[in-house]
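Encoded as structure tokens, the structure appears first; notes follow it.
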Number of protein chains: 2
Amino acid sequence: MDRIPILTMGQFLLVTIQVDMHDRLAMALQDDLTTRITTSRAKGVLIDISSLEIVDSFIGRMLGNISSMARVLGAEAVVVGMQPAVAITLVELGLSLDGVHTALDVEKGMQLLRRYIGAEFEESLSDVDDPEN
Amino acid sequence: MDRIPILTMGQFLLVTIQVDMHDRLAMALQDDLTTRITTSRAKGVLIDISSLEIVDSFIGRMLGNISSMARVLGAEAVVVGMQPAVAITLVELGLSLDGVHTALDVEKGMQLLRRYIGAEFEESLSDVDDPEN
């Protein structure tokens with residue numbers, strides 16, 4: 001297994017991380033995901049980490065990077081499914097996943113993404129409506 | 001990794017198989033999935049095999065078993081994301097995945113499931129409407 005699959009679901013992409021991440025796999029995921037955001041014009045990315053029992057600084061940094069890359073390409077990323085024990089360890093280790101949106105599960109993550117997209121859409125509408133702009 | 005995560009998406013469950021299946025993992029997946037169908041009252045199961053480069057008779061039988069188990073519990077299962085090379089090998093090996101629904105990707109799989117559920121729903125309505133029954 002040298003690729004993590006990316007599933008398209010409407011205007012969102014879903015990535016389920018099930019295996020231990022190493023450098024090369026993380027790089028491949030970043031490549032694949034940014035390419036897919038561009039080609040599919042996705043507005044949101046859901047990253048499911050419910051299988052991960054450990055999130056170390058490497059994974060934490062990777063999640064942060066992916067979020068930033070998605071944002072630059074006009075999509076929001078949400079990390080979903082974190083196990084309670086992982087949340088405890090993260091805070092104890094002082095890793096607070098700055099700039100990474102999180103949600104309880106895929107459904108909550110989708111709701112969050114829809115809210116972000118809805119807000120953006122309304123903003124762009126008001127830009128058009130407002131004669132001042 | 002001794003568990004394959006099962007994601008809930010509305011009335012469907014999504015399983016992404018990314019790792020090599022062995023006996024114990026397949027048994028764990030069957031256990032988890034049947035339990036989740038029962039507790040979540042899911043009407044459909046999507047099994048994504050887009051990461052698999054080989055589907056042998058063991059995996060084929062497992063997919064068949066999962067489909068049958070889901071059906072007994074009132075849910076339909078659809079296998080999605082099969083790679084073209086896998087489809088070729090399957091037919092060449094004489095494994096035709098009898099009784100297993102397949103679809104090109106998650107989105108097509110969801111459409112298929114909605115159609116099955118819709119048809120069932122209409123059937124149950126006509127049972128109620130029809131004074132002959």
How about the range B:1-72: which strands (runs of 3 or more DSSP E) wholly inside it have at least 1 residues that are of a type outside the set (A, V, I, L, M, F, W, C) and surrounded by 21 or more Cβ atoms within 10 Å (Cβ to Cβ)?
B:12-16, B:44-48
Any idea which of (1) over 20 Å from A:GLU120 (Cβ atoms); (2) out of contact with any helix residue (DSSP H, G or I) (no Cβ under 8 Å at 6 or more places or on another chain) is the one A:SER67 doesn't satisfy?
(1)
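A quick yes/no check of all residues on (1) touching a residue at least 60 places away in the same chain (Cβ under 8 Å); (2) among the hydrophobic types (A, V, I, L, M, F, W, C); (3) within 25 Å of A:LYS108 (Cα to Cα):
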{"position": "B:GLN11", "(1), (2), (3)": "yes, no, yes"}
{"position": "B:ILE37", "(1), (2), (3)": "no, yes, yes"}
{"position": "B:ALA42", "(1), (2), (3)": "no, yes, yes"}
{"position": "B:ILE54", "(1), (2), (3)": "no, yes, no"}
{"position": "B:ILE59", "(1), (2), (3)": "no, yes, no"}
{"position": "B:VAL86", "(1), (2), (3)": "no, yes, no"}
{"position": "B:GLN111", "(1), (2), (3)": "no, no, yes"}
Selection from the range B:18-77 of residues that are among the acidic types (Asp, Glu) and within 14 Å of another protein chain (Cβ to nearest Cβ)
B:ASP20, B:ASP32, B:ASP48, B:GLU53
Across (1) facing chain A (nearest Cβ under 10 Å); (2) more than 30 Å from A:LEU25 (Cα to Cα), B:THR8 clears everything bar (2)
Criterion violated by A:ARG3 - all others in (1) within 11 Å of the chain's Cα centre (by Cα); (2) modelled with pLDDT under 95 satisfied:
(1)
How about the range A:73-93: which of its residues are of a type outside the set (Val, Ile, Thr), under 15 Å from A:ILE17 (Cα atoms) and surrounded by fewer than 19 Cβ atoms within 10 Å (Cβ to Cβ)?
A:GLN83
(1) under 11 Å from the mean Cα position of the chain (by Cα); (2) in a loop (DSSP other than H, G, I, E, B); (3) surrounded by 14 or more Cβ atoms within 10 Å (Cβ to Cβ) all hold for A:GLY99 apart from (3)
It is to be established whether one or more residues within the range B:79-89 are away from chain A (no Cβ under 14 Å) and touching a His at 6+ places or on another chain (Cβ under 9 Å).
no
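The values are calculated or read from the model by the stated rules, or taken from the named source; none is laboratory data. This structure is a prediction, so every number in the text was calculated from the model and none was measured. In this analysis, Cβ positions are derived from the backbone assuming ideal geometry, glycine residues included, and neighbour counts consider all displayed protein chains.
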